[in-house]
Amino acid sequence: MGVVIRTAGEDDRERVVRLLDEAFQDDPVSSWVFPGAEYRRATHHRLMAAFTDAVLAEGRVDLTEDGAACALWLPVPAEPPTGAEPVEDGPALVRRAVDPDNERVELIARLTEGIHPTGRAHEYLWMIGVAPGRQGQGLGTALMAPVLDRCDGDGTPAYLEASSARGRVLYERLGFEFTGQALQLPDGPPMWPMWREPRAGADRAR
């Protein structure tokens with residue numbers, strides 16, 4: 001039986017936040033942003049809520065029907081919209097909302113913004129989370145496949161930052177390539193920026 005996927009709405013917000021919180025409790029980057037298991041359990045969910053709210057407003061959250069996995073996608077234009085009003089400092093706003101005394105909440109946002117590709121419209125996989133008891137069952141790949149198929153059909157690239165070596169291997173199997181320069185978090189783990197060019201029909205069949 002295939003994996004049933006639907007687009008999440010506002011009614012799914014708490015489910016998505018809880019899923020991401022559970023999925024990333026032991027993630028190397030989350031552990032760096034919120035060091036210490038007790039501190040992370042108490043605070044990490046606020047950052048996941050901020051991410052979820054941003055993507056529900058500007059992008060799309062894909063959710064498996066059983067609620068075991070979700071993917072947060074954000075369409076990124078080639079250039080900022082003309083005439084757009086200046087926005088407030090996003091990283092600082094996130095830090096203030098999530099954990100004002102934790103400078104790493106702001107720093108991770110600034111560092112990832114700094115390496116994000118510009119100049120070409122693309123789909124940005126902000127996060128993909130799978131419930132701890134369901135990892136390794138192919139749910140992540142199933143969630144990504146429809147979006148990557150659309151990217152291939154539309155000629156649209158895709159981009160993400162892998163937060164673990166295991167994730168990097170998965171994304172490479174799906175056609176993403178390491179851009180060549182890892183983001184080394186200060187006194188923390190690396191992140192791997194990865195870019196995927198759209199595939200032609202023959203390439204998709206491989």
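The values are calculated or read from the model by the stated rules, or taken from the named source; none is laboratory data. As the structure is a computational prediction, the values presented were derived from the model and not from experiment. Cβ: placed from backbone, ideal geometry, glycine included. Neighbour counts: every protein chain shown.
Per-structure values
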{"read-out": "Leading residue by the ranking (farthest from TRP32 (Cα to Cα)) among those in the range 149-159 that are in a loop (DSSP other than H, G, I, E, B) and more than 16 Å from the chain's Cα centre (by Cα)", "value": "GLY155"}
{"read-out": "Test: residue in the range 94-102 that is in contact with a strand residue (DSSP E or B) (Cβ under 7 Å, 6 or more places away or on another chain) and surrounded by 18 or more Cβ atoms within 10 Å (Cβ to Cβ)", "value": "no"}
{"read-out": "Subset of the range 181-206 that is within 19 Å of the chain's Cα centre (by Cα) and exposed (fewer than 14 other Cβ atoms within 10 Å of the Cβ) - its residue that is modelled with the highest pLDDT", "value": "GLN184"}
{"read-out": "Residue in the range 89-125 that is nearest to the chain's Cα centre (by Cα), counting only those that are polar (S, T, N, Q) and either closer than 21 Å to ALA71 by Cβ or at pLDDT 95 or above (or both)", "value": "THR112"}
{"read-out": "Search result, residues across the range 173-195 that are part of a strand (DSSP E or B) and either touching a Leu at 6+ places or on another chain (Cβ under 7 Å) or within 13 Å of GLY140 (Cβ to Cβ) (or both)", "value": "LEU183, PRO190, MET191, PRO193, MET194"}
{"read-out": "Residue match in the range 160-172 (condition: assigned to a helix (DSSP H, G or I) and farther than 19 Å from VAL29 by Cα)", "value": "yes"}
{"read-out": "All positions within the range 111-124 that are of a type outside the set (A, V, I, L, M, F, W, C) and farther than 14 Å from GLN184 by Cβ", "value": "GLU113, HIS116, PRO117, THR118, GLY119, ARG120, HIS122, GLU123, TYR124"}
{"read-out": "Output for the range 112-147, where each listed residue is in contact with a Pro (Cβ under 9 Å, 6 or more places away or on another chain) and of a type outside the set (Gly, Ala, Ser)", "value": "THR112, GLU113, ILE115, HIS116, PRO117, ARG120, HIS122, GLU123, TYR124"}
{"read-out": "Hey, THR156 of a type in the set (S, T, N, Q) and over 24 Å from ASP27 (Cα atoms) or not", "value": "yes"}
{"read-out": "Scan of the range 164-180 for residues that are crowded, with 21+ Cβ neighbours inside 10 Å and closer than 23 Å to ALA49 by Cβ, ordered by number", "value": "none"}
{"read-out": "Which numbered condition THR43 fails, given (1) closer than 26 Å to ARG168 by Cβ; (2) at pLDDT 95 or above; (3) in contact with a Phe, Trp or Tyr (Cβ under 8 Å, 6 or more places away or on another chain); (4) not basic (Lys, Arg)", "value": "(1)"}
{"read-out": "Filter result for the condition that a residue is among the aliphatic types (A, V, I, L, M) and in contact with a Leu (Cβ under 7 Å, 6 or more places away or on another chain), over ALA92, ALA69", "value": "ALA69"}
